[in-house]
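The values are calculated or read from the model by the stated rules, or taken from the named source; none is laboratory data. This is a predicted model, so every value here is computed, not measured. Here the Cβ positions follow ideal geometry from the backbone for every residue, glycine too, while neighbour counts run over all protein chains shown. Quick note on the areas: whole protein, heavy atoms, side chains included, nothing else; ligands and nucleic acids left out. Shrake-Rupley method; radii C 1.70, N 1.55, O 1.52, S 1.80 Å.
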Amino acid sequence: MKTERKENGSALVAVLALIFTAGLLTSAVLALSRIGTFEVLPHVARQRSMYVLEGAGNRVQYLLAADRYLNNDVTLGELDYSEFEYDRYVADGVPHVIDYYGETVEFVITDAAGGFPMSGTNYTQTLNRMARGFEDDSEWNDKLTAFRDKMDDYTDSDTDVKTEGMESGEYEELKLYNLPRNGAPQFREELLWIPGARELFPVDRNGRFTRVTIIPPENTGNIPVKPSLMTADELMLRTYCGLDEDEAKEVLESLRRLRTDKELLSETLDPLIAERLSALAVKESGFYTVDLKLGGDSKRSTARFSFSFEGFSVTGPENNIVRFLDWMMY
């Protein structure tokens, strides 16, 4: 009898140990599953937001087309939104909100003719213009001169190195092989390979190189060289329009009030300053940049979407193909 009791006790201990071990394994699996859920959820939310934003972006293209069909060209900054019973879509940077299948999407439309033109045929004129009003700033002018020499070497086909320039040997020292291009830049971001570019053209708050005008891919149209007033920053206002620092800040404040409160520039801007802004465009170029993000107070991980394209009519783009000048999900 004693032997039976001992055996029964041993069996009970073994069963309890087995149950305890199974419990530990189950807890571990549940913990790993929960951790996996937390890791996967942000990726799923971000992936979903990308689809939503891309779909909403497609709708915005047709909203733009419909607006152009219904309304004549406007002077940017002088559109009185209160006169219309429906929302207007123009390249003035005013925020808009749409409901896209239950998702709130916020977006702004600006003219793709924004930033400093730095294509192979325009960079010299642009760099010369950027010195305007800063003739006494030797450090700024030295940076412009050095970058001009580098741009000359980057685009020309010879191997002669200008005073502040760079040819293949200098790029190899920086581990930037196969440079320079020895031709016109094919996209604006490649200018960041050239030392000094980031100092003259800092990236925006989203890390994008929007201070330089888009260089369109081949066969996608040519963006006008004249930049839009709606996207101008302080440097552009000073160098293109000859404003001083205070005057430029006054213009930027008027642009802010236009975007936040839809106040007309003519109501907030000194007429004498407004007369000096003619070097910048107040008519749409026909090329647009749309920046979208999910709205609301959601703390989900989401993407942002920006694209540029040439506007088309309400019947759709030519051959039903939209040729994007720039397309970035980030």
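Key figures
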| quantity | calculated |
| --- | --- |
| Net lengthening on full extension, ASP261/ASN206 (0.36 nm per residue, minus Cα-Cα) | 17.4 nm |
| Dipole magnitude (debye, nearest 20) for the chain, charges at Cβ of Lys, Arg, Asp, Glu | 2240 debye |
| The chain - accessible surface per residue (Å², probe 1.4 Å) | 57 Å² |
| Distance in nm between pseudo-label sites at ASP99 and LYS175 (7 Å out along the Cβ direction from Cα) | 5.3 nm |
| For the range 246-279 and the range 97-161, distance of Cα centres in Å | 23 Å |
| In the range 205-262, the GluC sites (Glu not before Pro) that fall in loop regions by DSSP, at most 16 other Cβ within 10 Å | GLU218 |
| Qualifying trypsin sites (Lys or Arg not before Pro) for the range 100-159 [loop in DSSP, other Cβ within 10 Å: at most 14] | ARG132 |
| Computed [θ] at 222 nm, deg cm²/dmol, the chain (DSSP H ≥ 4; -39,500 (n - 2.57); rounded to nearest 500) | -13500 deg cm²/dmol |
| Sulfur and carbon atoms: percent of accessible area, the chain [1.4 Å] | 52 percent |
| Lysine pairs meeting the criterion (Cα under 25 Å, 8 or more apart or interchain), as found in the range 122-266 | 11 |
| Vicinal HN-Hα couplings computed from phi for the range 305-314 (Karplus, 6.51 cos²θ - 1.76 cosθ + 1.60; Hz; Gly/Pro x) | 9, 9, 8, 10, 7, 8, x, 9, 7, 5 |
| Low-density loop positions, trypsin sites (Lys or Arg not before Pro), the range 173-254 - DSSP coil, at most 11 other Cβ in 10 Å | LYS175, ARG205 |
| Cα-derived Rg over Rh, computed across the range 45-178 with Rh taken as Kirkwood radius | 1.17 |
| Length-normalised contact order of the chain in % [C-alpha pairs under 8 Å, at least 6 apart] | 25 percent |
| For VAL94, distant residues with modelled amide H under 5 Å away | ILE109 |
| Distance in nm between pseudo-label sites at SER82 and PHE134 (7 Å out along the Cβ direction from Cα) | 4.0 nm |
